[in-house]
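The structure appears below as structure tokens.
The values are calculated or read from the model by the stated rules, or taken from the named source; none is laboratory data. No experiment lies behind these values; they were computed from the predicted model shown. Quick reminder, even Gly has a Cβ in these numbers, built from the backbone with ideal geometry, and neighbours come from all protein chains shown.
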């Protein structure tokens, strides 16, 4: 899911995401709600946006669905097209995305370089930065997925430096679109998990291949 929006600071690899949340924030997530944090960024009309969500599935399954960029077209309302342009190494893919813009604006078309890593057996890190964009001067992001309470805790960080001050008018709508995209991802993962979808199995296999896991390793996310 590569909504073009946003330059992130790196997520800490050693500290579990859950430990950095307050009791109130944890309660909100356990109640099935997303937690969204907006921080003003110097020199940009758009904020740094961090979204947490607990997905009723495993970290591997969330990472596998997210890694399948071409699936965006099926569950993200504003996604018009996705084309994989290159895979220079197994854990990296470059893709062109087209998003429908509001107010009769021309579509956003951007090329993003996406990389997946597996810091530990039950955590995944997928980062991206935009190489070309109609509206973004600078754009990058990161999603970290960890095991928590038998579910997948997702932390999505995103930030963009727009090319035009006109982007100020789109701040609220863009942030809402990103929040909606995280919920759409969670819904897609849970739907595939509940139905034991053959698509999910193929996505897990593609993720394992990208991470260079040996053929004899246990299948990702099937426990």
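The requirement of being touching a residue at least 60 places away in the same chain (Cβ under 8 Å), under 27 Å from residue 193 (Cα atoms), in contact with a helix residue (DSSP H, G or I) (Cβ under 8 Å, 6 or more places away or on another chain) and crowded, with 18+ Cβ neighbours inside 10 Å is fulfilled nowhere in the stretch 127-138; no residue meets it.
Return only the number of the condition from (1) touching a strand residue (DSSP E or B) at 6+ places or on another chain (Cβ under 7 Å); (2) in a strand (DSSP E or B); (3) farther than 15 Å from residue 207 by Cα that residue 118 does not satisfy. So the condition that residue 118 fails would be (3).
Of the helices (runs of 4 or more DSSP H) lying entirely inside the stretch 18-83, those containing at least 1 residues that are without any contact (Cβ under 8 Å) to a residue 12 or more places away in the chain and surrounded by fewer than 16 Cβ atoms within 10 Å (Cβ to Cβ) span 23-30, 72-75. When the residues of the stretch 116-126 are filtered to those that are out of contact with any helix residue (DSSP H, G or I) (no Cβ under 7 Å at 6 or more places or on another chain) and surrounded by fewer than 17 Cβ atoms within 10 Å (Cβ to Cβ), the one that is modelled with the highest pLDDT is 117.
Being in contact with a helix residue (DSSP H, G or I) (Cβ under 7 Å, 6 or more places away or on another chain) and more than 16 Å from residue 175 (Cα to Cα) is the filter here, so list the residues in the stretch 39-55 that pass it. Once the filter is applied, which keeps residues that are in contact with a helix residue (DSSP H, G or I) (Cβ under 7 Å, 6 or more places away or on another chain) and more than 16 Å from residue 175 (Cα to Cα), the stretch 39-55 yields 54, 55. Within the stretch 150-190, being surrounded by fewer than 17 Cβ atoms within 10 Å (Cβ to Cβ), more than 17 Å from residue 29 (Cα to Cα) and either modelled with pLDDT of 90 or more or out of contact with any strand residue (DSSP E or B) (no Cβ under 6 Å at 6 or more places or on another chain) (or both) holds for 164, 165, 166, 168, 169, 171, 172, 173, 176. Among the residues of the stretch 191-217, the ones that are in contact with a strand residue (DSSP E or B) (Cβ under 9 Å, 6 or more places away or on another chain) and closer than 17 Å to residue 69 by Cα come to 3 in all. Checked against the criterion of being buried (at least 18 other Cβ atoms within 10 Å of the Cβ) and not in a strand (DSSP E or B), the stretch 108-115 has no qualifying residue.
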